[in-house]
1. Of the numbered conditions (1) of a type outside the set (Asp, Glu); (2) at pLDDT below 95; (3) in contact with an Asp or Glu (Cβ under 9 Å, 6 or more places away or on another chain), residue 401 fails exactly one; give the number of that condition.
2. Quick check on residue 342: is it crowded, with 21+ Cβ neighbours inside 10 Å, outside any loop (DSSP other than H, G, I, E, B), touching a Gly at 6+ places or on another chain (Cβ under 9 Å) and modelled with pLDDT under 90?
3. Can you find, within the range 183-214, the residue that is surrounded by the fewest Cβ atoms within 10 Å (Cβ to Cβ) among those that are assigned to a helix (DSSP H, G or I) and among the aromatic types (Phe, Trp, Tyr)?
4. Looking at 31, 128, 72 in this structure, which one is crowded, with 21+ Cβ neighbours inside 10 Å and part of a loop (DSSP other than H, G, I, E, B)?
5. Among the residues of the range 544-562, how many are in a loop (DSSP other than H, G, I, E, B) and surrounded by fewer than 17 Cβ atoms within 10 Å (Cβ to Cβ)?
6. Between residues in the range 150-162 that are surrounded by 16 or more Cβ atoms within 10 Å (Cβ to Cβ) and of a type in the set (Lys, Arg) and residues that are in a loop (DSSP other than H, G, I, E, B) and modelled with pLDDT of 90 or more, which pairs lie under 9 Å by C-beta distance while being six or more apart or on different chains?
Amino acid sequence: MDNNNQQFMFLPFLLFFTLFIATTPSASSSASCPIDLSYVETFPWDTSTCRDPIDTHHCCQSLLSLIGIGLAKHLKETQLFQFPNENISSACLQDFKLKLSSLKIQPLLVPTCFPNSTQFVTNTSSCAGISNITDWKQKVGMITPLDTSCNGDMKSETTCSMCTDAGFKVTSQLTDIDPKNSTKCFYFSILYAIGIVNQFGPTDPAAAACILGMPLSSKGSSESNNGKILKLVFGLLGAIVGVVLAFVLIIMYKKWDKMRRENLYHRSVENSVRDSVLPNTGAKWFHISELEKATNKFSLKNKIGQGGDGVVYKGTLSDGTLVAVKEIFDLETRGDEEFCYEVEIISKIKHRYLLALRGCCVTSHSVRGKRRFLVYDYMPNGSLSYQLSVNGANKLTWPQRKNIILDVAKGLAYLHYEIKPPIFHRDIKATNILLDSKMKAKVADFGLAKQGNEGQSHLTTRVAGTYGYLAPEYALYGQLTEKSDVYSFGIVILEVMSGRKVLDTMNSPVVLITDWAWSHAKSGKVDEIFDESIRDEGPEKIMERFVLVGILCAHAMVALRPTIAEALKMLEGDIDIPNLPDRPVPLGHESFQSSLLNGMQQSGRSTPFTSFYSSTMSTISRN
């Protein structure tokens with residue numbers, strides 16, 4: 001064989017060897033992902049937000065939760081909260097894209113949602129110097145609230161709620177240790193809860209849905225196996241047979257049974273409300289006939305106000321006492337349990353700056369249905385909102401405005417510090433501040449009040465309140481603290497001092513009062529915030545102090561707001577007001593309003609991982 005033929009036969013082997021060397025990764029230049037990401041294709045997560053039309057916000061939230069499952073498994077196996085280096089993190093993100101591609105989900109969503117490849121890399125400045133389980137136990141102890149609250153089946157609403165509350169408690173503990181390095185403490189708490197504590201592990205749908213906030217597909221959560229289908233078929237057949245057999249008896253006893261159940265129901269509800277009214281509170285149980293007589297059968301002439309949750313009538317009791325009778329609306333949504341809870345809260349509150357409950361009434365009628373009433377002292381000067389309006393009966397003077405603000409602050413301080421456990425009002429606004437004959441303010445309407453554990457924040461499943469007055473962290477994530485009330489109080493201060501509504505689309509391109517006041521204050525024109533009618537009435541420095549406290553209380557960031565006790569001391573001049581801190585983004589900004597409205601309108605529950613995701617993405621965008 002000649003040399004040319006020998007070279008020709010050797011050429012394929014040479015090419016193969018060259019390609020093998022070129023395509024084989026070296027240990028120094030690449031890394032493999034230590035996580036088996038096959039669960040991405042099998043876990044029953046809801047992929048709808050990541051498909052056309054793509055909802056980028058919620059898709060990124062789902063992908064972050066999905067990666068959280070793998071990181072939790074990695075934590076259990078290696079004791080590390082995150083990846084040791086950027087090469088491994090990049091390798092895992094690359095594998096993650098491949099798994100998404102197999103589900104026909106665009107791989108480009110990964111760099112869109114996670115533009116920084118070091119987001120999942122160990123960094124001792126992320127949370128109090130913690131990088132592994134040993135660090136964790138040194139910082140928070142061997143046993144934490146997570147260990148006792150997150151080890152069960154998360155299908156139970158109660159168990160899930162206890163676990164999420166424990167997560168916030170541990171996060172608060174870590175933040176107190178090192179406030180400057182706490183961006184991922186919430187994230188670490190969640191990974192520890194589902195990766196180390198929970199006996200079912202991160203791939204359990206119930207645990208992932210509760211702790212990681214993972215949206216599940218209806219297919220994955222429904223009964224889909226043949227055995228369950230057969231059970232359903234036999235159950236329906238049995239129900240049909242039962243209905244047919246019982247049809248005659250139902251017709252015969254329908255009217256009698258209805259009357260019996262109505263009487264039993266009414267009696268049980270009445271007893272329940274009676275038991276809820278705490279003893280020795282002075283609250284009276286009114287009969288419906290007493291209220292009808294007092295209000296002239298709820299005449300329209302006696303109607304003095306109406307809101308989204310009820311209508312208020314002026315009434316005169318048999319002893320001549322003037323009262324305000326509020327009939328509660330939307331009973332189907334609120335329920336008797338919520339009504340009883342409201343009565344229980346208000347009954348135990350006795351304070352000069354809080355509207356006291358005189359009594360209540362529960363009744364039922366075959367035509368009118370069930371009716372629920374709350375009876376309060378009558379406030380002759382109406383609400384603060386009315387007094388600030390164009391048609392207000394009295395143009396408020398500076399001394400009156402000053403005293404009203406201080407009265408509200410003292411009322412809130414009583415709710416936050418004098419009652420154990422504290423009460424968060426959740427709906428502080430001008431219409432819920434009433435004025436007596438001497439123009440003394442009283443905080444009213446505790447229908448949305450929530451009583452919680454002292455010193456803790458809460459994650460509520462129902463965000464309720466009034467747009468414009470809602471604190472951002474509460475409206476978006478359901479995170480409720482005493483500073484949620486402080487934010488609303490700050491809005492009220494600005495309304496009182498300026499005479500301007502919380503939302504004003506008529507007189508300025510700046511819609512929110514916080515943005516409007518902020519722009520004036522930062523430009524050194526605080527005096528232009530004052531209502532024209534009081535600019536020449538009071539000492540300018542004191543009036544300026546009230547405005548600055550209002551702006552500080554209504555700051556978008558929770559940590560930069562004072563407590564209500566601190567705000568009261570600032571208002572009274574006992575402590576100095578700190579320099580106004582900058583805000584990360586105006587509350588009236590289009591992007592913030594969109595997020596706020598989405599948070600308020602979103603059905604379902606906000607979860608801890610949702611909060612972590614939003615805070616993480618905000619941090620990345622600012623950097």
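The values are calculated or read from the model by the stated rules, or taken from the named source; none is laboratory data. Not measured: the values here are computed from a predicted model. Don't worry about glycine lacking a Cβ; one is built from the backbone with ideal geometry, like all the others, and counts go over all protein chains shown.
1. Condition not satisfied by residue 401: (2).
2. yes
3. Per the criteria, the residue is 186.
4. 128
5. Residues in the range 544-562 being in a loop (DSSP other than H, G, I, E, B) and surrounded by fewer than 17 Cβ atoms within 10 Å (Cβ to Cβ): 1 in total.
6. none
Residue by residue, here is whether (1) surrounded by fewer than 16 Cβ atoms within 10 Å (Cβ to Cβ); (2) farther than 26 Å from residue 411 by Cβ; (3) not assigned by TED's automatic domain parsing to the domain that holds residue 401 holds:
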position: 486; (1), (2), (3): no, no, no
position: 495; (1), (2), (3): no, no, no
position: 506; (1), (2), (3): yes, yes, no
position: 522; (1), (2), (3): yes, yes, no
position: 530; (1), (2), (3): no, no, no
position: 535; (1), (2), (3): yes, yes, no
position: 542; (1), (2), (3): yes, no, no
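Matching residues to (1) within 20 Å of residue 35 (Cα to Cα); (2) in the same structural domain as residue 76 (by TED's automatic domain parsing); (3) in a helix (DSSP H, G or I); (4) touching a residue at least 60 places away in the same chain (Cβ under 8 Å):
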| residue | (1), (2), (3), (4) |
| --- | --- |
| 100 | yes, yes, yes, yes |
| 106 | no, yes, no, no |
| 118 | yes, yes, yes, no |
| 124 | no, yes, no, no |
